[in-house]
Amino acid sequence: MGSPVQGAVGPVAGQSAGVDKAAPTRRGTELLLLGFAAFVVTIALMLVEANQEQQLSLRIVWYGLAFLGLFGVAHVAVRRFAPYADPLILPCVALLNGLGLVMIYRIDLAMTEKAIRLGREINNDVPKQILWTTVALALFLGVLIVIKDHRMLTRYSYTFGLVGLVLLALPAFLPSVIAPTINGAKIWLKLGPFSVQPGEFSKVLLLVFFAGFLVSKRDLFMAAGRRVLGVDLPRARDLGPVVFAWAVSLGVLVFQKDLGTSLLFYGTILVMLYVATERAVWVAVGLLLFVGGAIVAYNLFTHVQQRVANWVDPLATYADAGGGYQIAQALFGLGTGGVGGTGLGAGRPDLVPLANTDFITAAIGEELGFIGMAALLLVYTVLALRGMRSALAVRDTFGKLLGGGLSFLLVMQVFVVVGGVTKLIPMTGITAPFLSYGGSSLLANYVLVAVLLRISDAARRPQTGSRPRPVPQAPIAEAHTVMVERPT
């Protein structure tokens, strides 16, 4: 009897709880879903080309293989450097990026036909977007390698905040030769043949700063000030972060005429503040400041008035310069698509200005209809929910705030884009994450995804540490006799 007991105790005594070899990493699930995303993208490319050119060319084979190869490398990187990361995040990103490539390719075909008819130079954007995707995935890989633990970001949170502010404000203070005004907004830096939008990177850097700041100063925001009408208002000296975020957002709106970045930044900071304190009064104070700033901006700046006029009645300003032509054309396209869509390659999304950037969701809504748009929003929802789930599961407060803030940033960005295209809110002129053409947005969003995967890996990774070693006991047959005195 003694031998089996000793054999059972032996492995337990020497077992370490460092990384549980039996814990599933779900990387096989991720690879399977990436293969499904590549299949969907390839079929979509075939449909576009069949409807546009009535034949299939070798270009779609090259595009499909490039897509599969790029995300195969990304999968290997996640398997190596973040093996316990959520298996749905990367496939959702791959599917969104692939559908973006499909729509950009579809618009390229339409623009090529128009250029040939008018005798203009042909300029295709798909090869450039594939190049930007390659660079973005290389940056994604670099972030996974360098940031081995998301908590190390707290050491540089104030530095990130300073750099983020500089990048956000830089275009406003540079001459027009370097920082031109494009589509009414001064948010770009022209570096030779390339254009960079530094505000895309500043959003991620400023979120890291605010997450670190709220962790270190959380107790200040939990203290209540004066009680008014049954509500515990915050103390005046603790309003600094909200006032700071409000001032930065208003400054972006005033000097750069960038309503989208202003709204994204301010809304995300309010949500992070609420998550850190669980006090709704902070959101109420922030919304009051937002309403006040919006009223002031509307009365002082003509470009804000123009955006609101286009939103209220785009047909009334249809023929005006900077008027409602763009939003009206988008609404016409969505109406043409209806529930089921016109079919990939069978619509006219090229009639909408900037159809491959700001209005790419209008192109998708026209050709895939309400059903396709709903499916697209569902993919975004799954991506954001998996990020928030990782934020809830991670064991440190900084990771919870940062993961929640990054996930909400994606949700807020999609809401602003789709809300503007469908005339739910005024048009803001920002791009849809992973869908729209443009390098700055892709680079910044892949950095965001890399940080989310790092947080997810920390949340799902088994606990480390040594288990207590059981104290070996002698067999009963060899135990000493003990005299027990009966109580009287």
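Within region 393-418, being surrounded by fewer than 22 Cβ atoms within 10 Å (Cβ to Cβ) and either outside any helix (DSSP H, G or I) or without any contact (Cβ under 8 Å) to a residue 24 or more places away in the chain (or both) holds for ARG395, ASP396, PHE415.
For region 146-158, the set of residues classified as part of a helix (DSSP H, G or I) and surrounded by 12 or more Cβ atoms within 10 Å (Cβ to Cβ) consists of HIS150, ARG151, LEU153, THR154, TYR156, SER157, TYR158, listed by residue number. The requirement of being of a type in the set (A, V, I, L, M, F, W, C), within 24 Å of the chain's Cα centre (by Cα) and farther than 18 Å from THR361 by Cβ is not satisfied by LEU95. It is to be established whether one or more residues within region 70-85 are buried (at least 18 other Cβ atoms within 10 Å of the Cβ) and out of contact with any Leu (no Cβ under 9 Å at 6 or more places or on another chain). Yes, region 70-85 has at least one match.
Only residues that are under 23 Å from VAL78 (Cα atoms), touching a residue at least 40 places away in the same chain (Cβ under 8 Å) and surrounded by fewer than 16 Cβ atoms within 10 Å (Cβ to Cβ) were counted in region 29-65, giving 3.
Could you say whether any residue in region 134-144 is under 24 Å from the mean Cα position of the chain (by Cα), modelled with pLDDT of 85 or more, surrounded by fewer than 20 Cβ atoms within 10 Å (Cβ to Cβ) and within 19 Å of LEU207 (Cα to Cα)? Checked region 134-144: at least one residue is under 24 Å from the mean Cα position of the chain (by Cα), modelled with pLDDT of 85 or more, surrounded by fewer than 20 Cβ atoms within 10 Å (Cβ to Cβ) and within 19 Å of LEU207 (Cα to Cα).
Find the residue count for region 40-70, including only residues that are under 13 Å from LEU99 (Cβ atoms) and not small (Gly, Ala, Ser). Selection size over region 40-70: 9. Residues in region 297-315 that are assigned to a loop (DSSP other than H, G, I, E, B) and modelled with pLDDT of 90 or more: ASP313, PRO314, LEU315. For LEU191, the test of being without any contact (Cβ under 8 Å) to a residue 40 or more places away in the chain, among the hydrophobic types (A, V, I, L, M, F, W, C) and within 23 Å of ASP258 (Cβ to Cβ) is passed.
Which of the residues that make up region 311-331 are free of Cβ contacts under 8 Å to residues at least 12 places away in the same chain and among the aromatic types (Phe, Trp, Tyr)? Can you show your working first?
Restricting attention to region 311-331, the residues satisfying the condition of being free of Cβ contacts under 8 Å to residues at least 12 places away in the same chain are 312-313, 316-321.
Across region 311-331, the qualifying residue is only TYR318.
Residue-level check: of (1) among the hydroxyl-bearing types (Ser, Thr, Tyr); (2) under 27 Å from PHE173 (Cα atoms); (3) under 24 Å from the mean Cα position of the chain (by Cα), TYR298 misses just (3). Exactly one residue out of LEU331, LEU264 is touching a Lys or Arg at 6+ places or on another chain (Cβ under 7 Å), on the phi < 0 side of the Ramachandran plot and crowded, with 22+ Cβ neighbours inside 10 Å, and it is LEU264. On the basis of being charged (D, E, K, R) and surrounded by 15 or more Cβ atoms within 10 Å (Cβ to Cβ), does ASP108 make the cut? So ASP108 passes the test. The residues in region 249-283 that are touching a residue at least 40 places away in the same chain (Cβ under 8 Å) and over 21 Å from the mean Cα position of the chain (by Cα) can be counted, and the count is 11.
Based on this model, can you work out whether GLY100 counts as out of contact with any Lys or Arg (no Cβ under 9 Å at 6 or more places or on another chain), crowded, with 22+ Cβ neighbours inside 10 Å and touching a residue at least 12 places away in the same chain (Cβ under 8 Å)? Outline the logic, then answer.
Details: out of contact with any Lys or Arg (no Cβ under 9 Å at 6 or more places or on another chain): yes; crowded, with 22+ Cβ neighbours inside 10 Å: yes; touching a residue at least 12 places away in the same chain (Cβ under 8 Å): yes.
Yes; evaluated as a whole, the condition is true for this residue.
Condition first: surrounded by 20 or more Cβ atoms within 10 Å (Cβ to Cβ), of a type outside the set (Ser, Thr, Tyr) and more than 9 Å from the chain's Cα centre (by Cα). Now tell me which residues in region 419-436 satisfy that.
In the first step, residues of region 419-436 are kept if they are surrounded by 20 or more Cβ atoms within 10 Å (Cβ to Cβ); the result is 420-421, 426-436.
Narrowing further to those that are of a type outside the set (Ser, Thr, Tyr): 420-421, 426-427, 429-430, 432-435.
The answer is GLY420, VAL421, PRO426, MET427, GLY429, ILE430, ALA432, LEU435.
Among residues of region 285-310 being of a type in the set (Gly, Ala, Ser) and free of Cβ contacts under 8 Å to residues at least 12 places away in the same chain, the one that is surrounded by the fewest Cβ atoms within 10 Å (Cβ to Cβ) is GLY292. When the residues of region 179-194 are filtered to those that are modelled with pLDDT of 75 or more and surrounded by fewer than 13 Cβ atoms within 10 Å (Cβ to Cβ), the one that is nearest to THR431 (Cα to Cα) is PHE194. When you scan region 373-385, do you find a residue that is surrounded by fewer than 24 Cβ atoms within 10 Å (Cβ to Cβ), of a type in the set (A, V, I, L, M), touching a Gly at 6+ places or on another chain (Cβ under 6 Å) and touching a residue at least 60 places away in the same chain (Cβ under 8 Å), even just one? No, the conditions are met nowhere in region 373-385. Here THR336 meets the list (1) buried (at least 22 other Cβ atoms within 10 Å of the Cβ); (2) part of a helix (DSSP H, G or I) almost entirely, failing just condition (1).
Restricting attention to region 105-135, the residues that are over 30 Å from MET388 (Cα atoms), of a type outside the set (Lys, Arg), touching a helix residue (DSSP H, G or I) at 6+ places or on another chain (Cβ under 7 Å) and not in a loop (DSSP other than H, G, I, E, B) total 7.
The values are calculated or read from the model by the stated rules, or taken from the named source; none is laboratory data. Owing to the predicted nature of the structure, the values given are computational and were not obtained by experimental measurement. Positions of Cβ are generated from backbone atoms using ideal geometry, with glycine treated the same way; all protein chains shown enter the neighbour counts.
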